[in-house]
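Presented below is the structure to which this report refers.
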Amino acid sequence: MTNTRRRAAGWHAATALLLSGALVGLAGCAGGGSATPAEDIPAEGTDDGTTLTLWTRAPLEKQANLLVDAYNASHENQVELTVVPNDDYVAKVGAAAGSGGLPDLFAADIVYVPNWVEQGLFQDISAQIDGLDYKDQINQGHLSAGTDADGKEHVLPFVLDLSMLFWNKELFEEAGLDPEKAPATMAEYADAAKKIQALGKDGVYGTATGLNCGGCLVFTWFPSIWASGEEVLSDDGHESLLANDAAKEVYDTWRDLWESGAVLPSSQDEAGPTWTAGFTEGNVGLMFYPATLLSSTPFDTGVAGIPGVDGGASTFVGGDGIGISKDSKKAAQAWNFLTWLMSEEAQVDVLAKDNDVVSRADFADNEYAAKDPRLVTINEVASQGDTPVALNFQQAFNAPGSPWLTLVRNAVLEGTDTVDTDNDAITEILAQ
């Protein structure tokens, strides 16, 4: 994979409220009031008993509670956490930003970070981030998402979510497949799905996806293109490259799977809320799946990176970033929370202990991951992952009826020869 600043939406954004007029209209009212942290903020921030406010989306409630509880138990500062329903989050942030009422800290799905940075919702913390001697170990996709056109940095990773290939070992064994071996190519993936379908088990299907869920599809299909050595967007995020040979082979593979009947039928209309349910319930043989669900998957599952057309492996590095809001007057204290968030105590003793992915590469091989080889695999694949850059990512990919959804549904469900034309429609949105 190349190497430029990359931004993107994690799968959660598929069910998030779309960018509304209230948020889009913030450009004129957010920038002028932005506060800047004082240059003399201590490297570790200030821990003086201040009360801080923090907002997060409901999908991250478990991780947020664990982190806030651990911080509050070990610091004089105290963080008051507000968990907002996923579908209400964008509207709540937009309204608060317009009225000067944002909390001290707030997390944001990577899909929204570039827009919210552009509109001045986060404070510039470049000096603080650049002062971290482990900066190069922090997940670069999340740092890049919060870096504006002038190179100023605004967010750190809050919680990472990766897309991975998961397979049901019991169903693999029943189908005569090696339960300890991951499909290494898209063709092997399709072959495994068809063999599981051929079992003829009532209610069991080879694979599943969200064919009416733009966020699900970027989260799980882009990695196959990256693993094939291709890109999905131009470096400036203004052009879609989703008509390349590898991308077309991915669509053709899924078209074949759909026609063969090996795809869970409800995938056709799946818009996001239940797109992983079939696998979690043990009724799907293998699928591209969020790594954060490993701990809640109630059977023996294999885990690997998402394969490309002819091999390789990659992942979509999604999740949420976190920064200090433009409205906070407690930047030094908020930075104390953020720098602790990057510490071994938070990354290993809180997140890794809970089977979550760490945000620092130097903590990937930790004591908790070592107990489960699948966690080591997830952490290792994280370094092979990517997050694409595009200011208009939401409109082009995640919105209901987006041109990306049109491309996929035409190619997979309808079998039309319109990939090039549909790809041009994505570019039209990205170039605006």
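The values are calculated or read from the model by the stated rules, or taken from the named source; none is laboratory data. The structure presented is a predicted model; accordingly, all values stated were derived computationally and were not measured. Cβ coordinates were reconstructed from backbone atoms using ideal geometry, including for glycine residues, and neighbour counts include every protein chain displayed. These accessible areas exclude ligands, DNA and RNA; they are computed on the full protein's heavy atoms, side chains included. Shrake-Rupley method; radii C 1.70, N 1.55, O 1.52, S 1.80 Å.
Figure legend. Inter-residue proximity from the range 47-74: first residues closer than 13 Å to Trp340 by Cα and without any contact (Cβ under 8 Å) to a residue 60 or more places away in the chain, second residues open to solvent by 30 Å² or more (accessible area, probe 1.4 Å) and of a type in the set (Asp, Glu), beta-carbon distance below 9 Å, spacing 6+ or different chains. Indicated pairs: Val68/Glu80. Out of all the residues in the range 288-309, is one or more acidic (Asp, Glu) and more than 23 Å from Ser163 (Cβ to Cβ)? Within the range 288-309, not a single residue is acidic (Asp, Glu) and more than 23 Å from Ser163 (Cβ to Cβ). Checked against the criterion of being in a helix (DSSP H, G or I), of a type in the set (A, V, I, L, M) and either open to solvent by 10 Å² or more (accessible area, probe 1.4 Å) or in contact with a strand residue (DSSP E or B) (Cβ under 8 Å, 6 or more places away or on another chain) (or both), the candidates Val350, Val408, Val357 yield just one match: Val350.
Taken together, Glu170, Glu153, Glu180, Glu188 contain a single residue that is modelled with pLDDT of 95 or more and in contact with a Leu (Cβ under 9 Å, 6 or more places away or on another chain), which is Glu153.
All of Ser234, Ser224 fail the test of being more than 19 Å from Thr301 (Cα to Cα) and touching a residue at least 12 places away in the same chain (Cβ under 8 Å), apart from Ser224.
Just checking, how many residues over the range 347-392 are in contact with a Phe, Trp or Tyr (Cβ under 7 Å, 6 or more places away or on another chain), of a type outside the set (D, E, K, R) and farther than 17 Å from Asp161 by Cβ? Final tally of qualifying residues: 1. Residue under question is Ser163, and the condition is that it be touching a Pro at 6+ places or on another chain (Cβ under 8 Å), among the hydroxyl-bearing types (Ser, Thr, Tyr) and touching a residue at least 12 places away in the same chain (Cβ under 8 Å); does it hold? Judged against the criteria, Ser163 is a match.
Based on what the data block shows, is Tyr205 touching a residue at least 40 places away in the same chain (Cβ under 8 Å), open to solvent by 10 Å² or more (accessible area, probe 1.4 Å) and in contact with a strand residue (DSSP E or B) (Cβ under 7 Å, 6 or more places away or on another chain)? Explain how you work it out, then say what you get.
Details: touching a residue at least 40 places away in the same chain (Cβ under 8 Å): yes; open to solvent by 10 Å² or more (accessible area, probe 1.4 Å): yes; in contact with a strand residue (DSSP E or B) (Cβ under 7 Å, 6 or more places away or on another chain): yes.
Yes, satisfied.
The residues in the range 105-120 that are over 20 Å from Pro85 (Cα atoms) and either crowded, with 24+ Cβ neighbours inside 10 Å or modelled with pLDDT of 95 or more (or both) can be counted, and the count is 3.
I'd like to verify a number: residues in the range 324-342 that are part of a loop (DSSP other than H, G, I, E, B) and either among the hydrophobic types (A, V, I, L, M, F, W, C) or buried (at least 17 other Cβ atoms within 10 Å of the Cβ) (or both), how many? Working first, answer last.
Of the residues in the range 324-342, the ones part of a loop (DSSP other than H, G, I, E, B) are 326-330, 342.
Those still in the list that are either among the hydrophobic types (A, V, I, L, M, F, W, C) or buried (at least 17 other Cβ atoms within 10 Å of the Cβ) (or both) too: 326-328, 330, 342.
Number satisfying all stated conditions: 5.
So, Leu211, is that one in contact with a Ser or Thr (Cβ under 6 Å, 6 or more places away or on another chain), assigned to a loop (DSSP other than H, G, I, E, B), of a type outside the set (D, E, K, R) and under 19 Å from Gln395 (Cα atoms) or not? Judged against the criteria, Leu211 is a match.
Give the residues of the range 121-137 that are open to solvent by 10 Å² or more (accessible area, probe 1.4 Å) and within 17 Å of Asp327 (Cβ to Cβ), sorted by residue number. Even if it seems obvious, please write down each step before you answer.
If we filter the range 121-137 for residues that are open to solvent by 10 Å² or more (accessible area, probe 1.4 Å), which is where we start, we get 124, 126-128, 130-137.
Asp124 - this is the single residue of the range 121-137 that is open to solvent by 10 Å² or more (accessible area, probe 1.4 Å) and within 17 Å of Asp327 (Cβ to Cβ).
Among the conditions (1) among the hydroxyl-bearing types (Ser, Thr, Tyr); (2) open to solvent by 40 Å² or more (accessible area, probe 1.4 Å); (3) modelled with pLDDT of 90 or more, Ser402 misses just one, which is (2).
One residue stands out in the range 66-104 among those that are modelled with pLDDT of 95 or more and among the acidic types (Asp, Glu): the one that is surrounded by the most Cβ atoms within 10 Å (Cβ to Cβ), namely Asp104. I need the full set of residues from the range 44-65 which are outside any strand (DSSP E or B) and open to solvent by less than 30 Å² (accessible area, probe 1.4 Å), in order please. Within the range 44-65, Gly45, Thr50, Leu60, Gln63, Ala64 qualify.
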